[in-house]
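Notes to accompany the following structure.
Only the coordinates and a few stated rules stand behind these numbers; no lab work does. Since we're looking at a predicted model, the values are computed, not measured. So basically every Cβ, Gly included, is an ideal-geometry build from the backbone, and we count neighbours across all protein chains shown.
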Amino acid sequence: MQRGVAYGVMAGALWGMVFLVPRVLPDFSPLLLSAGRYTMYGLVSLAAALPMARSLAKRLTREDLAALVKLALAGNLLYYLLLTAAVHLIGIAPASLIVGVLPVTVTLLGRRDHGAVPLTRLAWPLAMVMAGIVCINVDVFTVTDATPVSIGTKLIGLACAVGALGCWTWFAVENARYLQRQTHFSGNEWSLLWGVVTGALGAALWLVVAVLPSGGPQGELADGRWHLFWMLNLAVAVGASWLGNGLWNAASKRLPLTLSGQMIVFETLFALLYAFIYDQRLPRPLELAAILLLVAGVCWSVRQHADDDSSGAAPLNRRQSDAAGHA
C-alpha cells in the first residue's frame, strides 16, 4: 500500500510537467506537440526494450497488442492533443483542474472492482476533493486576465479539457483492470510495450502534419525554437511518459482502483505548482484553499483504504502486487 501510494505521487509529479510544455511552446500546434512528444517517447521506449525484445515478443498476444493500441490512442495521443489545445486556449489552471476531476470520475467507474472501498466511506474525502475543485474554478473564472479571452474560445477550450478528462478516465480504468488481469508482464515491461506502440502512432502523426495545411508553421519558427521543442519533448518522453507511466503501472498493480483514482489528483497539484513557479507568483487564497482541500481529501482516502487493507479486504490485489515485479 505505502509503495503504491509513493509510486502514484511520483507519477503525478512527473505528469504535471506536461501541462507546462504547451505554455512554454505556445507557437507550436497541439498536433506538432503530440507528434514530437510521442515520437521521442517511442524512440526512448524502443531503446530500453531492445535488450529484452525477444522475451517480450514471445509473451505478447494479439489481445495484448489490441489493448496497447486502444490505450495508446485514448490515454496518450488523443488525451494530449486535447490537453495541449485546452492549455493554449484557457491556460494551465483551468485545464489542469478540469482534468483534476479524475479522482472522482475514476472512483465512480471503479466502485464495483474487487478491493474497492464502499462509496459511503469515501463520501467525505470525495466531497473535500470536489470542494477544492470548486474553489479553484471560482478563482480562475473570477480573476481578470491580462489578455481577454472570448467566450467562444473559452467554450472550445473547456470542451477540449472535458474531452481530455473523458479520455483519461477511460484509460485509467481500462489500464488498471488490464494490468490486474494479466500477470505475464511487469509494470515496466508493459510501459515499454505501450511506449513502442505509442511511438509508432506518434510517428504516423507526422504524416498528418505534412498533409494538412494547418498541421504546423514549421517554416516560420526559428532554429532555436525547434531546439527547445525537441529538448522539452525528450524531457517529457523520458520523465512523464517513460518513467511516469512505469511508476503509474507499478502503483496500479499495488492499489485498488478507487485508491489509484485518488492518486491522479497529484498530477493536478504538481501542474499548479509548476504554473506558480513559471509565473513567479504565490497562490491566491482560493488556490491555496483548493490545494489544502485536495491533499486532505486524498490523505483521508488513503487512510480509509489502509484500514480496509489491514482487515484483509483486498487479498487479490496484494497477491497481484507481489507478482508485479519492480518498475
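You can think of it this way: the chain between Val134 and Arg3 has 44.1 nm of extra reach, that is 0.36 nm per residue less the Cα-Cα gap. Please give the FRET efficiency for Met231 paired with Lys154, using the beta carbon to beta carbon distance and R0 = 35 Å, rounded to the nearest 0.05. Efficiency at R0 = 35 Å is approximately 0.65.
As a proxy for reagent exposure, ranking Leu71, Leu193 by other Cβ atoms within 10 Å from fewest up yields Leu71, Leu193. Here the convex hull built on the C-alpha positions of the stretch 2-314 has a volume of 133 cubic angstrom per residue. Per-residue 3J(HN,Hα) values for the stretch 223-239, derived from phi via the Karplus relation 6.51 cos²θ - 1.76 cosθ + 1.60 with θ = phi - 60°, read 4, x, 5, 5, 4, 4, 4, 6, 5, 5, 5, 5, 4, 5, 4, 6, x Hz in sequence order (x marks Gly and Pro).
Arranged from fewest to most other beta-carbon atoms within 10 Å of their beta carbon, Val44, Val238 become Val238, Val44. Centre-to-centre separation between the Cα atoms of the stretch 268-302 and those of the stretch 162-194: 26 Å. The residues Tyr7, Tyr274, when put in order of fewest to most other Cβ atoms within 10 Å, stand as Tyr274, Tyr7. Extending 7 Å from Cα along the Cβ direction at Gln280 and again at Ala296 yields two label points whose distance is 3.4 nm.
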